[in-house]
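Down below is the structure, laid out as structure tokens.
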Amino acid sequence: KAGVTQTPRYLIKTRGQQVTLSCSPISGHRSVSWYQQTPGQGLQFLFEYFSETQRNKGNFPGRFSGRQFSNSRSEMNVSTLELGDSALYLCASSLGPGHSYEQYFGPGTRLTVT
Amino acid sequence: GQNIDQPTEMTATEGAIVQINCTYQTSGFNGLFWYQQHAGEAPTFLSYNVLDGLEEKGRFSSFLSRSKGYSYLLLKELQMKDSASYLCAFANQAGTALIFGKGTTLSVSS
């Protein structure tokens, strides 16, 4: 079974631009979560989607948004990029309600904002 | 509020046993997870505890005490490949988010 895939793997953007990251979950997984990982703050929860609905959102500004499609694939968007948005963005998938909460992580997208 | 804490760094030698502690505070709880993350790689699942007690899985064991808000990960017969960051996380009440600690970097030397 293929794992979680994320595209692109690396991205360089300049301040003020916007970026869209993509995540394809494991086949059959319907829940997708997004995390930001930085050396100082560690792994921080951004948001979680299940059946195209955002069920939970972390403490991030409105510049961070996401969506999920009917095939469970998900995208996250960051608008008006800031230097502090440089981080590894990880996507994780799980089966969803009624199943184990175990999440499987993708390899991440390394975003550098200059 | 929600809070989760674990030591920043630990060192150990090959063949030894190491215990990584994790304490947490949350009003809603749906299980405690441990993940391993090697440098430059994605976190991989190690263990999940939802009830009090010890869960053993090969060289790795994880313990949970919900009343004390405390968990530990026990690694036995350490190998060089165990050098990694170990992340403790709890699931919120609805199971819609994992709240992670900042991770413990374990260095195993020969």
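Of the residues making up segment B:31-43, just one is surrounded by fewer than 15 Cβ atoms within 10 Å (Cβ to Cβ) and modelled with pLDDT of 95 or more, namely B:38.
Go through segment A:10-66 and give me each residue that's assigned to a strand (DSSP E or B) and of a type in the set (A, V, I, L, M). I'd like the intermediate steps shown before the answer.
So the first thing to find is which residues in segment A:10-66 are assigned to a strand (DSSP E or B), and the list is A:10-13, A:19-24, A:31-38, A:42-50, A:53-57, A:64-66.
Once the filter is applied, which keeps residues that are assigned to a strand (DSSP E or B) and of a type in the set (A, V, I, L, M), segment A:10-66 yields A:11, A:12, A:19, A:21, A:32, A:43, A:46.
Among the residues of segment A:67-114, those that are without any contact (Cβ under 8 Å) to a residue 40 or more places away in the chain, assigned to a loop (DSSP other than H, G, I, E, B) and either within 14 Å of chain B (Cβ to nearest Cβ) or of a type in the set (D, E, K, R) (or both) comprise A:98, A:99, A:100, A:101, A:102. Just one residue in the set B:95, B:101 is more than 15 Å from the chain's Cα centre (by Cα) and touching a residue at least 12 places away in the same chain (Cβ under 8 Å); that residue is B:95.
Residue pairs whose Cβ atoms lie under 6 Å apart, sitting 6 or more positions apart in sequence or on different chains, and linking a residue in segment B:53-80 that is touching a residue at least 60 places away in the same chain (Cβ under 8 Å) and within 19 Å of residue B:16 (Cβ to Cβ) to a partner that is basic (Lys, Arg) and part of a loop (DSSP other than H, G, I, E, B), are B:77/B:59.
May I ask you to list the residues in segment B:71-104 that are away from chain A (no Cβ under 11 Å) and either assigned to a strand (DSSP E or B) or in contact with a helix residue (DSSP H, G or I) (Cβ under 8 Å, 6 or more places away or on another chain) (or both)? Result: B:71, B:72, B:73, B:74, B:75, B:84, B:86.
The values are calculated or read from the model by the stated rules, or taken from the named source; none is laboratory data. This one's a predicted model, so the numbers in the text were calculated from it and none came from an experiment. Neighbour counts are summed over all protein chains in view; Cβ atoms, including those assigned to glycine, are modelled from backbone coordinates with ideal geometry.
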